[in-house]
Structures are given as structure tokens and as C-alpha cells.
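Input: a single structure, listed below in C-alpha cells.
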Amino acid sequence: LKPAVHALFKKLKDEELELLVQVVESRGAWESGCVLAPRGDPRGVKQGLPPQVLLCRLFRWPDLHQSHELKHLCYCAGGQGACGDLAGLCCNPHHFSRLAVPETPPPPYLKASCEHENQGMEPAVTPSRRKRLRQGMRGSCWGSTAWLSHVLVVTLCSPLPDTSLSRSTIKDGCWCKLAYWEYRTRVGRLYAVHEASVNVFCELPWGSGFCLAQLPAAYRSCAVRRARGKIGRGLLLSREPGGVWAYNRSEHPIFVSSPTLSPPGACTVLKVLPGYSAKVFDYGWAGDRGGWQLPGEGPCDPHSIRISFAKGWGPCYSRQFITSCPCWLEVLLNQPR
């Protein structure tokens, strides 16, 4: 892997390397621009891996193998086809997510070990390591396996400052509304989403969206406070051709259920690990379905998505219903006309 990545770094322009340093240092906390690798054959002879796979493997997922395991995030120009008009190919490791497969059933609910909880978390690069990172990209540190393992080590980041709740400009119509719940109690008012994507978070150093940290509540139990402490950077919801996608930006799993993830009369709960994306609603499948009847819960809106932060529910989990989860989000979709 090292010779292939070294060869790629030598082909990047200075401004691309500087952007890459900033992206890795912030761990994708802000929506950065594309890091463009030259088109042609910037891949290693032995590895045969595309540049985006090489950098995602180095800085995010050491177990990544092929490009089909990745998905462009909605704000990447490469995912929108715009990179085809440019002279380079986007290899920004934080413009990609791992792909969660909706057909895969969730595992039985178990208290995870610390090692499992850290699965999918990203390597942290502090400002004090910035100089070494730049030197490594230039090739002066590639002879040291200690540097490579140091960059790939998984560590917990310091708490990030809260961000004030920013609201979308009032317009006619929206594609969805968000409702935040703590157990059976809805907290705050509905949040209308007009843009193609929205961040839902408690702590996000740069960015805007639905900030749950700003929602007041008369009383919060210890369980709710613990669960809210795990939301962190939360998730990115995006409306894309054919459906709605959720990208888990936090350091803990999220759990999702919707009519198009479940067979009729069932409730499938999909576990989405940190750094993974899943298509959580399919407009084509929804058009063929009537009401959504959940066992033990009654009828639900067939154009809705339910997302629990850090806690699973359903037949394979200790909590049978989402209303037993301390912190969860309801996405109410406007039916396409």
C-alpha cells in the first residue's frame, strides 16, 4: 500500500495536498472541496486500486478492498458527474462512505465490547501531528512503519463545541419535516427541510442544520442524557434520485426502519455503522405499498423513516419498539407529486 500511496501523493498538486491535510485533520467535520487526482493511471502496479480506494483505505477503513464498497456523498462533485468535466478524479476520503446493504438483517442485540464500539471510527490527526503528516505525504516518512500505524490508530476525539441551530429560509413547500423524540415525548417543533440535504447533530464544529443540542426539555433522564452524548456529529440526510439516503457521521451506530426496508407487516431495523451510508427510503417501492402496519404499534405513515441514535429496537433487540429508545428521529416525507 505504501508505494502506491506514495506515488499518488507525488502526482497531487500542492493545493490538493494542503486540502487533503485539512480534511484529514478535521476528520470530515466540514464539507470540503474535491481533492483531484490526475486522470490516467495513478494507481499502484501491485495494488491496482483507484486513488479514492487508496486514500480511504489509508485514512479511514484499512479493511476496504474495492471501489464498489464506497458511495459518493451528496456534496461531492464526482458523485454528481461534475468531475467528468474536470482534469482529475476526486479522491477526498471524506467525500465517500461505506455502503450498508439494506437486505442484510441486523445482528442480535448484544452489549458490544469496546473494540466493537470503535469499529468504523476514523483516525484522529491533531494539529501537533500536522507537520509529520505533510512530510509523510511528501515521502520523507514512508520508510517508517511507525508513522503509518500512528496515522491509522483509532482514538477518541475531544468534545466539540456546540453549534447554534440554523433554520432554513422559509419557502413554499419542503421535501420532509423532522421530529425529534425522547421515548414517547416529542421535543421541539417540526423542522422543515428545503435543501437537498440536512445535517442532524448535537456537536458539529462547522456546518448548519438541525441542532438537537438547542432543543430544550423540562426533564431528561440519565438514559436520555447518555444517549444524547453519543449523537455527536449525527447524520446527514439527503434526497437523491429515487430515494433518501442516511450517512452516519457519528462515532456510534444508528438504527433505521422504514416501509421500504421491511417486507409487508414486518419491522426490519437496519444497523448503520459509523462512516456508512444506507438508502433508507425508496420512492419506487413506496408507490406500491399501502398503509404501514407495525406489529404491536399499529398503523404508521407509509412515507416516514424512523432513526434511533445508538440504541436498536425490534425483534432482534432488547427494546421491542422505537418508543422505548431514548433518542430518535422521525422523518416525515412529502409524497412526490
Practice prompt. Hey, can you grab everything whose amide H is under 5 Å from the amide H of Asn334? Only 5+ residues off in sequence or another chain; H modelled, so Pro and N-termini drop out.
Written response: Cys176, Lys177
Worksheet item: How much solvent-accessible surface does Ser32 expose, in Å² to the nearest 10, with a 1.4 Å probe and all protein chains in place?
Response: 10 Å²
Discussion item. Could you report the accessible area of Lys11 in Å², rounded to 10, computed with a 1.4 Å probe on the protein chains as they sit in the structure?
Written reply: 100 Å²
Worksheet item: Quick one: how many Å² of Trp61 are accessible to a 1.4 Å probe, rounded to 10?
Response: 10 Å²
Worksheet item: Sorting Ser277, Ser221, Ser67 by accessible area (1.4 Å probe), largest first, what list results?
Response: Ser67, Ser221, Ser277
Discussion item. Using a 1.4 angstrom probe on the protein heavy atoms only, could you order Trp181, Trp328 from most to least accessible area?
Written reply: Trp181, Trp328
Worksheet, complete the sentence: Descending accessible area (1.4 Å probe), largest on the left, turns Tyr219, Tyr180 into Tyr219, Tyr180
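The values are calculated or read from the model by the stated rules, or taken from the named source; none is laboratory data. Computed from a predicted structure; not experimentally measured. Protein only, heavy atoms only, side chains kept; ligands, DNA and RNA dropped before computing areas. Shrake-Rupley method; radii C 1.70, N 1.55, O 1.52, S 1.80 Å.
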